[in-house]
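**Student:** Can you keep this structure in mind? I'll have questions shortly.
Bear in mind these aren't lab numbers, they're just calculated from the coordinates by the rules spelled out. These figures come from a predicted structure and were not determined experimentally. Quick reminder, even Gly has a Cβ in these numbers, built from the backbone with ideal geometry, and neighbours come from all protein chains shown.
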Amino acid sequence: MAQHDPSGLVARLAAQRAAYSQERWPTLAVRRDRLKRLRALTREHGTAIAASIDADFGGRSAHETRLAELFLVAAAISHAESHLRRWTRPRRVATAARFWPARNRLLPQPLGVVGIVAPWNYPFQLSIGPAVAAIAAGNRVMLKPSELTPHFSELLARLVAGLFDPDELHVVTGGVEVGRAFVALPFDHLFFTGSTAVGRQVAMAAAANLTPVTLELGGKSPAILDPSADMTQAARRIAFGKLLNAGQTCIAPDYLMVPRGSTAKMSSDLGDAIRSLYPTISDNPDYSAIISDGHRDRLAALVQDACDKGAAVVEPVRVDLATNARKMAPTLLLGVNASMRVMQEEIFGPILPIIEYDGLDEAIAHVTAGERPLALYWFGTDARSRERVLRETHAGGVTVNDCLWHLAQEDQPFGGIGASGTGSYHGEWGFRTFSHFKPILHQPAVAGTRFFQPPYGKTFDAM
Ligand code: NAD
């Protein structure tokens, strides 16, 4: 009986699978050629891609698109190209002496057809970045970007269709219904980037097919200011990390913890830093807008809720909503507490609550009491405090004395832990995610294991 397949997803998966079975071990040349086409996509269409994202955001800094999307993806492609030969090579591993002269090795094998689901906040980086890893590992890829970036998604679908056979890489557009149907497909691996709530649903859909998942989710990433920190320097780096993409960054510092009594100095330093990074907001091409009216309203409601419950609001730079109603002022919230929504939900906007702590034990207890965050930032020079925080808290990744930059390290895995995600990618870690490292034992003509066969006699008596 024909399967109900209104979006053609089942048929596309079947076609990709058939193509994969014709070429189960793409050569280095084939993989390099596909990466080259991804490079062409990034290099030759960067301006159009930036314009499409700008249209979706109603104002997305072209510099931010170049820095945080095109540049990062180009770096990932170069890294994959220069390491591909080593990554794809079978790896010798040790063999226990009792099995000699047998030899062990690991063969990295493509998984087959993989699905990638991307969010709206960095639509190019978070769709093509994982695709680089999946393609380097020799897979066929189906990719679904977010319905909240329709200009970008349509452009990507068109550009990819011009550069790739749909059985190599195919972009699926559509809303949440298409997303649901997409994650219910029996892929050989599903790579999802998005919210923790949707990630839970995706994990359940994948479980029905026993499809392995990588979940790149969100959460409340703390920044901790140690008493030993250079406050002025920390303020500038925290302001940058918070306000890139107007705070719509999965690893943005969600809230800031400062030693008791230092809120006034820190909020003043943050104010100076914000004014120097963004002297104006509404007309500033370096400062991005909020993705939709609904998202802006949610952020405004978070601030209102905090005010209603006694928080103080500091806006270091005024906004003129008549110029662009979706540009939200950088906002510091002082005097917040756990009853406020802003301390319960992932903020995902240019709002930075500041809370005070008494001693390192309290700071660590605060972090460990919540869900495990995607990122953690620690500022200071006291190595003992730093090592305590690093060892006694969990987070997907950490930057010490700065924000965000651990994400840009191709030689480090990037991913969450607990509610902020499972699995990782970037560089070789992405290649591993999209490969099966098949353990193989090569048994020679004369095998030591003949001693483990019956008749057993006294073979195992000494064990
Ligand atoms: P989202 O979870 O709403 O959507 C992500 C993707 O899932 C979109 O393509 C959407 O169409 C699709 N989707 C929505 N509902 C679905 C369903 N029921 N079944 C299948 N697919 C569905 O997330 P978002 O609002 O686009 O992105 C913001 C979130 O993503 C934040 O929580 C942020 O922290 C997180 N994020 C994480 C990372 C990371 O690397 N860990 C990166 C960026 C964003």
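**Student:** Using unit Cβ charges (K, R positive; D, E negative) and no other charged atoms, how large, in debye to the nearest 20, is the dipole of segment 1-61 about its Cα centre? Don't jump to the answer; show the numbers that get you there.
**Tutor:** Details: 11 positive and 6 negative charges, 83 e Å.
Value, rounded to 20: 400 debye.
**Student:** Here's something else I'd like to know. Say the dipole of the chain comes from +1 at the beta carbon of Lys and Arg and -1 at that of Asp and Glu; which of Leu70, Tyr377, Met343 then lies farthest toward its positive end?
**Tutor:** Ranked along the dipole, the leading option is Leu70.
**Student:** Please give the helix 359-369 orientation as an angle from the longest Cα principal axis of the chain, in degrees from 0 to 90, rounded to the nearest 10.
**Tutor:** Long axis of 359-369 versus the principal axis of the chain: about 60 degrees.
**Student:** Moving on. Within segment 94-197, list the GluC sites (Glu not before Pro) lying in a DSSP loop whose Cβ has at most 16 other Cβ atoms in a 10 Å radius. Write out the running numbers ahead of the final one.
**Tutor:** Working: sites: Glu147, Glu154, Glu168, Glu177; in loops: Glu147, Glu168.
Within segment 94-197, the qualifying GluC sites (Glu not before Pro) (loop, at most 16 other Cβ atoms within 10 Å) are Glu147.
**Student:** I would also like to ask the following. Find the Rg to Rh ratio for the chain, where Rh is the Kirkwood radius over alpha-carbon pairs and Rg uses the same atoms. Working shown, then result.
**Tutor:** Working: Rg = 24.9 Å, Rh = 24.0 Å.
Here Rg/Rh amounts to 1.04.
**Student:** Would you mind calculating the gained length between Ala157 and Ser268 on full extension (0.36 nm times residue separation, minus the Cα-Cα distance), in nm to one decimal?
**Tutor:** On the way: separation 111, 0.36 × 111 = 39.96 nm, distance 4.60 nm.
So the chain would gain 35.4 nm between Ala157 and Ser268.
**Student:** Under 4 °C and 1.567 mPa s, how fast does segment 222-408 diffuse according to Stokes-Einstein, given a Kirkwood radius computed over C-alpha pairs? Answer in µm²/s, whole number.
**Tutor:** On the way: Rh = 16.5 Å.
My calculation gives 79 µm²/s for D.
**Student:** While we're on this one: Going by C-beta contacts inside 10 Å, put Ile440, Ile135, Ile417, Ile49 in order with the fewest on the left.
**Tutor:** With the fewest neighbours first, Ile440, Ile135, Ile417, Ile49 line up as Ile440, Ile417, Ile49, Ile135.
**Student:** What is the set of long-range amide H partners of Ile224 at a cut-off below 5 Å, with H atoms built 1.01 Å from backbone N?
**Tutor:** Met257, Tyr377, Trp378, Phe379
**Student:** Once you have the Cα-Cα distance between Ala301 and Lys458, take 0.36 nm times their residue separation minus that, and quote the gain in nm to one decimal. Walk me through the intermediate numbers first.
**Tutor:** On the way: separation 157, 0.36 × 157 = 56.52 nm, distance 7.69 nm.
Fully extending the segment from Ala301 to Lys458 adds 48.8 nm.
**Student:** On full extension of the chain, what length is gained from Phe71 through Arg384, given 0.36 nm per residue of separation minus the C-alpha to C-alpha distance? Let's see the in-between values first.
**Tutor:** Working: separation 313, 0.36 × 313 = 112.68 nm, distance 3.57 nm.
Length gained between Phe71 and Arg384: 109.1 nm.
**Student:** Suppose each label sits 7 Å from its Cα in the direction of the beta carbon; what would the Ser276-Thr47 distance come out to in nanometres?
**Tutor:** 3.4
**Student:** Measure nothing fancy, just the Cα-based angle from helix 28-44's long axis to the longest principal axis of the chain, in degrees from 0 to 90, nearest 10.
**Tutor:** Orientation of helix 28-44: about 20 degrees from the principal axis.
**Student:** Next question, about the same structure. Under 5 Å between amide H atoms, partner at least 5 residues away or on a different chain: which partners does Tyr357 have, H built in plane at 1.01 Å?
**Tutor:** Val258, Arg260
**Student:** Enumerate the residues in segment 156-182 having an amide nitrogen under 13 Å from the point lying 7 Å beyond the Cα of Ala40 toward its Cβ.
**Tutor:** 159-165
**Student:** Using the 10 angstrom Cβ neighbour count as an exposure proxy, how do His63, His426, His406 rank, fewest first? It would help to have the intermediate numbers written out before the result.
**Tutor:** Values: His63 12, His426 27, His406 21.
In increasing order of surrounding Cβ atoms, one gets His63, His406, His426.
**Student:** Could you tell me how many degrees, from 0 to 90 and to the nearest 10, lie between the Cα long axis of helix 231-243 and the main elongation axis, the longest principal axis, of the Cα atoms of the chain?
**Tutor:** Roughly 70 degrees between the two axes.
**Student:** If we count other beta carbons within 10 Å of each Cβ, what is the order of Lys438, Lys309, Lys327, fewest first?
**Tutor:** Exposure proxy ranking, most exposed first: Lys438, Lys309, Lys327.
**Student:** Report relative contact order for the chain in percent, whole number only (criteria: Cα-Cα under 8 Å, sequence separation at least 6).
**Tutor:** Numbers: 937 pairs, mean separation 88.2, N = 463.
Relative contact order here is 19 percent.
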